[in-house]
Amino acid sequence: MSNTQDTLRIGLVGTAFARQAQRGGLANYFRQLVRHLAESDPENHYTLLLHPHSAALFQVDAPNFHTRVVPIPGRQAHYWEQLLLPLVLAALPLDLVHFVGFPAVLAQRKPTVITLHDLSYKALPHLRGDWLSRFHWRFFGDLGARRADHVITISEHSRRDIQRLLGIPAERISVIYEAPAPIFRPITPESARAIARDTYGIAGRYLLFVGTLQPTKNLARLIDAYALARQRAGVAPALVIVGQKGWDFADLFARVRALELEDQVLFTGYVPDDDLPALYSGAEAFVLPSLYEGFGLPVLEAMACGAPVITSTVTSLPEVVGDAALLVDPMDTDALAGALAQICTDAALRQRLRLAGLARAAQFSWRRCAEETLAVYQRVATAQRYGLLKPAGLKAGTGSSSPGWRR
């Protein structure tokens, strides 16, 4: 390493976040990580590698942060990244590179950290879009993760999946939790109702879902369960579904029409972060019945705003919510309908979950996330300095011993 021992030159790669992509959970992770690194680390030097369409969204006003815009073509952007980014990175004097928008590019030789949120593309491949998308993730995703010097992931569940499905030793993986952004806090009922009514046409009581419209979110079963709860228990609140369109979403609208719920189920489309606290705060309950989550940040956002939460018994979600939510088998439509009916009719349960959720959300911190991420950078840099990093081709095997510096 040619830099001084105390100061690192770190590249944060966020070229994957372009156009609509900045609205997703991965882009939110990048935005909050950059912001809190800038607040907590004035010493090291950071270069943000950004897509021209979204560069302005991620820049921070800090003297040790600089931006390099990388013009990645729009068509087949993931493959252009694999070709162009190695040339850009080779020309920059960086001590290590953190690929925040997984997967990493393969043809670069600087010490590498990646953030791998989950392995849904391996655990549920049939729900991950077309064959080209699945090939991209299985080839570049698997190989990029195995070649990385260190993998950051966001839950113990994801760590176990990474060990089991990719064969990466535990010593090369760090679990660093996400957190709700500071804007997520309870809004007064009057303000919440006004924003819901005047901006989104939501009048009266409502149940809320927030997330991308895609199969892993289990929305078809949520709609069926909602219809069942209305039929069996007279559940009155509307169902508000917030989120941009992902893939395989068209059947959701047809399902609502077939169940004659057009007046009860509202699709808002994308909602900016500034309005989400009001929608969370005004909801009777927040529902996230996902089949797979690497973390499930919306449940913590909802809790931080005082919304009672119903979520799944699977993957990372029980780990994230603890005992502060109503847990339900996401494959059981009857059980989900029962949970919706219970939370709509039991005011004492809603109040208990509201208080427990506020306390649970307060345990998570973006500042701590940034500090723990910086500690990973320092360990990787130290290992590089003392020649402890293995060449890329030697990291992929399973069961290999790893240097003691790795967490």
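So what's the net charge close to Glu262: Lys and Arg +1, Asp and Glu -1, counting the other residues with Cβ under 14 Å from its Cβ?
On the way: positive: Arg230, Arg255, Arg257; negative: Glu260, Asp263.
In short, +1.
Would you look at the GNM of the chain, springs on alpha carbons closer than 10 Å, and say which of Ala361, Ala238, Ala250 moves the most?
The residue with the greatest mean-square fluctuation here is Ala250.
Collect residues whose amide H, placed 1.01 Å from N in the peptide plane, falls under 5 Å from the amide H of Leu96; neighbours closer than 5 in sequence don't count.
Arg9, Gly11
Say R0 is 22 Å: what FRET efficiency, to the nearest 0.05, do Lys245 and Arg205 get from their beta-carbon distance? Each step should come with its number before you reach the end.
On the way: r = 26 Å, r/R0 = 1.19.
In this case the efficiency is close to 0.25.
Which of Tyr270, Tyr79, Tyr226 ends up with the largest GNM mean-square fluctuation for the chain, with Cα atoms connected below 10 Å?
Of Tyr270, Tyr79, Tyr226, the Gaussian network model singles out Tyr79 as fluctuating most.
What nm distance separates the two modelled labels at Arg367 and Met331, each placed 7 Å from Cα along Cα→Cβ?
Reported label-point gap for Arg367 and Met331 is 4.3 nm.
What length, rounded to one decimal in nm, is gained on full extension from Gln231 through to Ala91, with 0.36 nm per residue of separation minus their alpha-carbon distance? If you can, show how the numbers build up before the last one.
Values: separation 140, 0.36 × 140 = 50.40 nm, distance 6.35 nm.
Net length gain for the segment: 44.1 nm.
Run lengths n ≥ 4 of DSSP H only: what is the helix-derived mean residue ellipticity at 222 nm for the chain, with -39500 (n - 2.57) per run over all residues, to the nearest 500? Can you show the working numbers first?
Numbers: 16 runs with 165 residues, N = 407.
Mean residue ellipticity at 222 nm (helix-derived): -12000 deg cm²/dmol.
Between Gln351 and Asp263, what FRET efficiency follows from the Cβ-Cβ distance if R0 is 45 Å, with the result rounded to 0.05? Numbers along the way, then the final one.
Details: r = 29 Å, r/R0 = 0.65.
Here the calculated transfer efficiency is 0.95.
Since every read-out is calculated from the coordinates, none of them should be taken as a lab result. What you are looking at is a predicted structure, and each value in this text was computed from that prediction instead of being measured. Using ideal geometry, Cβ is built from the backbone for each residue, glycine included, and neighbour counts are taken over all protein chains shown.
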